[in-house]
Amino acid sequence: MAGIQSTLATLSTLALALSPVHSQAKDLYDMSLKELMQLNVQVASKRDESIQNAPGIITVINSSELKKFGGRNLHDVMRLIPAVQQVYPQFVHRNSVAIRGLTTPSLDKYFLILLNGKPMRDPIFYGVNAPLYEGIPLELIDRLEIIRGPGSVIYGSNAFSGVMDIITKDPDNYPENVIQSRIGSFGTHINEALYNTHFADKKGSLVAAIRTNDSDGWELRFKDTSGIEDSFNNENHAWSGFLELNYSDFSMSIFKADVSEKQTLSNGLIADATQRKSDRDFFALEYNHALNESWQAKLDFSSNSSNIAASQEYDARDTSLEFMTHGQVNQFNIDVGIRYRRNTLIDPDQVKVSEVNYQSAFFQLGSQLSKVHKLVTGLQIINPDTSDIQYAPRISLLSQFNNYLNSKLMYSRAYSTPTGVEFSIHLPNPSGSGPDLFIGNPNLIPTTLDNYDLQFSYTDTNSFAAINFFYAEENHGIALSEVNQGQPFPKVYENTASEEHRGIELEGKLDFNNHIHFNASYSYQTSVDNEGKTDNKLLSNHLFKTGVIYDNLSDLTFSIFNVHHSKPSNRKPVANNYNEKEKAYSHLTFNMNYSLSNFIGNTQLDLNFFIDNALNNKAIMMPDPILTGVNTQPKVAERSYYAGLTLLF
């Protein structure tokens, strides 16, 4: 780490001496809320459209908000999104989120993350996203576009409970290069660097970013499944790199991340805690061409590969080739695409144990029914090797009653295909004796979700408010079940009971003046399965999020953001009461930035101070989504402090 910090210091000195002057991109807080709501997003239809005209419940978090609210990594940032809960499985601590109460145990399988519109799908479990949450450099992000609800009509499998598109910075809008270093509690060191430039002919650009994160970890003290109290520090390390080349109509992106974190194994014993590694290699090519004034065509290829070390090490690759065109004919907006996708899984003996091919086609039509109402209909047809043909339809009625009032009435279906691991894994006990851990099931069928949304929203120059109602029917979920009742192992993957989810979301933003900005959201979600069991995902039913930003429009900003979680549900009956019981809690953060313009020459130096979980001087105890042998574990670290320097040149 000392070597990295020395390198950053050297680069800083060179930057001060050699760098030209650049002006910062316009702060999006200079725009009114109404102007922000009229900005184009891409996540709902893979093309530009305003939030009001997009068929989805959409949240946008821009780089200005990221900077002002703070956060150490992308997983921290997820707290800002209404109706989203962070999930902390024992296997990989910062790996998952739950949207509207929809999640799978320990995996992020229902939430599809994109990078500039390309799927960053974990090819093994479809849900090990720690390399993304820990690895994406925050300084690289222009904005996050998030859909709460299905996106399978456009993106296919795993766009189930939500989709997030990470849009990276464009050198045209963000010409600065950035070097950042932060230190903090638990021996934490976080470094980021961002470099971007245009080619001499102005037809292309290059963007490069790196990130490192090293921490001695915070202490997890609890009674494990043996009933013995002990502790360990969840030491964690991560590094990542990103490179993007754009030239004329072509672009190429590369992302690589490696993360490791000390966590308990499947048996939940502290004595067996070990460093668990995961990685992600992402590569994408895109050709985007304007056919004429009305029609655009795009051809893209993406590849995700990774391996995960457990009792055995599996390698996997997920590739996708897609052609899409969109345009306008009279009052109709038309989107058409075809996609071929392949997922392969290779065991430690380099034997291909699974290969699944998917052929799909999608179509979407938007038509202006009147001055008030717009209708959007769409359908994706998917033909996987492993199941019957799947259909993912969408129909949305979008209404703009006047300059202030809007509504959305929407139905969509999502699907999530079983992974190669769920079909075919055979994971023996790491001790070499005793029962196997996990067993695959070749008879699994895809999980489906039928989702209904109704939203009313109001927007004016200084305020935004919305109320959303949702109802969803989940069928054929996939989970690990005990082969022998009452014995934790072995476990086999099985399709489970159906489940209904319903809830309400309230969200609002208010600009009191140019200096003070306020936002808040409240969400309630509940679920019941076909056996009458309620809220079995071990989550909070109520989330209340509030944030305030003060900006003096010169050199100082500070913010406070709080998420209040109601008491999470637990298993019935609880296995034991070894540890402190789960309870309601508030996760409050404080962030302050102070900017020194013209620090040396024409560079800018930003000073940052961040407090995480400011109200709690001890760890938050919550049930683990997969570990049944203990009532709770430490899941959120106690109060911690961080300070950083950011150089823009």
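Side notes on the structure shown:
- Residue list for region 394-431, restricted to those being at pLDDT 90 or above, open to solvent by less than 20 Å² (accessible area, probe 1.4 Å) and of a type in the set (D, E, K, R): Arg394, Lys408
- Against the numbered list (1) within 22 Å of Asp511 (Cα to Cα); (2) buried (at least 18 other Cβ atoms within 10 Å of the Cβ), Lys537 comes up short only at (1).
- Region 148-170, residues that are open to solvent by 10 Å² or more (accessible area, probe 1.4 Å) and basic (Lys, Arg): Lys169
- Hey, Lys109 in contact (Cβ under 8 Å) with a residue 60 or more places away in the chain and surrounded by fewer than 22 Cβ atoms within 10 Å (Cβ to Cβ) or not: no
- Odd one out for Ser240 among (1) in a strand (DSSP E or B); (2) farther than 20 Å from Glu192 by Cα; (3) of a type in the set (S, T, N, Q): (2)
- Flag if Gly204 is within 25 Å of Tyr578 (Cβ to Cβ) and either buried (at least 17 other Cβ atoms within 10 Å of the Cβ) or not hydroxyl-bearing (Ser, Thr, Tyr) (or both): no
- The residue of region 82-117 that is nearest to Val421 (Cα to Cα), among those that are touching a helix residue (DSSP H, G or I) at 6+ places or on another chain (Cβ under 8 Å) and not in a loop (DSSP other than H, G, I, E, B), is Leu112.
- Count of region 465-509 residues which are under 19 Å from Ala159 (Cβ atoms), touching a Phe, Trp or Tyr at 6+ places or on another chain (Cβ under 7 Å) and surrounded by fewer than 18 Cβ atoms within 10 Å (Cβ to Cβ): 1
- Residues considered: Leu615, Leu588. Of these, the only one that is surrounded by fewer than 20 Cβ atoms within 10 Å (Cβ to Cβ) and over 18 Å from Lys67 (Cα atoms) is Leu615.
- Of all the criteria given as (1) within 29 Å of Gln90 (Cα to Cα); (2) not in a loop (DSSP other than H, G, I, E, B), the one not satisfied by Phe125 is (2).
- Residues in region 86-97 that are crowded, with 24+ Cβ neighbours inside 10 Å and either of a type in the set (Phe, Trp, Tyr) or modelled with pLDDT of 95 or more (or both): Phe91 only.
- Here the condition is being in contact with a His (Cβ under 6 Å, 6 or more places away or on another chain) and at pLDDT 95 or above; of Ile183, Ile166, Ile179, it holds for Ile183 alone.
- Residue match in region 589-606 (condition: of a type in the set (D, E, K, R) and farther than 30 Å from Ile179 by Cα): no
- Phe489 vs. criteria touching a residue at least 60 places away in the same chain (Cβ under 8 Å) and in a loop (DSSP other than H, G, I, E, B): yes
- Filtering region 112-121 to residues that are open to solvent by less than 10 Å² (accessible area, probe 1.4 Å) and over 13 Å from Ala159 (Cα atoms) leaves only Leu115.
- Exclusive hit being β-branched (Val, Ile, Thr), out of contact with any Cys (no Cβ under 9 Å at 6 or more places or on another chain) and either within 30 Å of Leu321 (Cβ to Cβ) or in a loop (DSSP other than H, G, I, E, B) (or both), set Ile146, Ile61: Ile146
- Filter result for the condition that a residue is among the small types (Gly, Ala, Ser) and modelled with pLDDT under 95, over Ser640, Ser586, Ser597: Ser597
- Within region 635-649, the residues that satisfy the criterion of being crowded, with 18+ Cβ neighbours inside 10 Å, part of a strand (DSSP E or B) and hydrophobic (A, V, I, L, M, F, W, C) are Val636, Leu647, Leu648.
- Restricted to region 260-277, and to residues there that are modelled with pLDDT under 90 and in contact with a helix residue (DSSP H, G or I) (Cβ under 8 Å, 6 or more places away or on another chain), the residue that is surrounded by the fewest Cβ atoms within 10 Å (Cβ to Cβ) is Leu265.
- Test result for Phe518, assigned to a strand (DSSP E or B), farther than 24 Å from Thr448 by Cβ, touching a residue at least 24 places away in the same chain (Cβ under 8 Å) and open to solvent by less than 20 Å² (accessible area, probe 1.4 Å): no
- For region 278-291, the set of residues classified as of a type in the set (A, V, I, L, M, F, W, C), loosely packed, with under 15 Cβ neighbours inside 10 Å and touching a residue at least 12 places away in the same chain (Cβ under 8 Å) consists of Leu291 only.
- Residue within region 162-181 that is within 24 Å of Asn40 (Cα to Cα) and assigned to a helix (DSSP H, G or I) present: no
- The listed residues are Phe186, Phe199, Phe125, and the only one of them that is under 22 Å from Asp281 (Cβ atoms), open to solvent by 10 Å² or more (accessible area, probe 1.4 Å), touching a residue at least 12 places away in the same chain (Cβ under 8 Å) and of a type in the set (Phe, Trp, Tyr) turns out to be Phe125.
- Set side by side, the residues Leu480, Leu444 differ, and just one is in a strand (DSSP E or B), at negative phi, more than 22 Å from the chain's Cα centre (by Cα) and modelled with pLDDT under 95, which is Leu480.
The values are calculated or read from the model by the stated rules, or taken from the named source; none is laboratory data. As the structure is a prediction and not an experimental result, all values here were calculated from the model. As a convention, Cβ positions derive from the backbone with ideal geometry for all residues, glycine included, and neighbour counts pool all protein chains shown. Just so you know, the surface numbers come from the protein's heavy atoms only, side chains and all, with ligands and any DNA or RNA stripped out. Shrake-Rupley method; radii C 1.70, N 1.55, O 1.52, S 1.80 Å.
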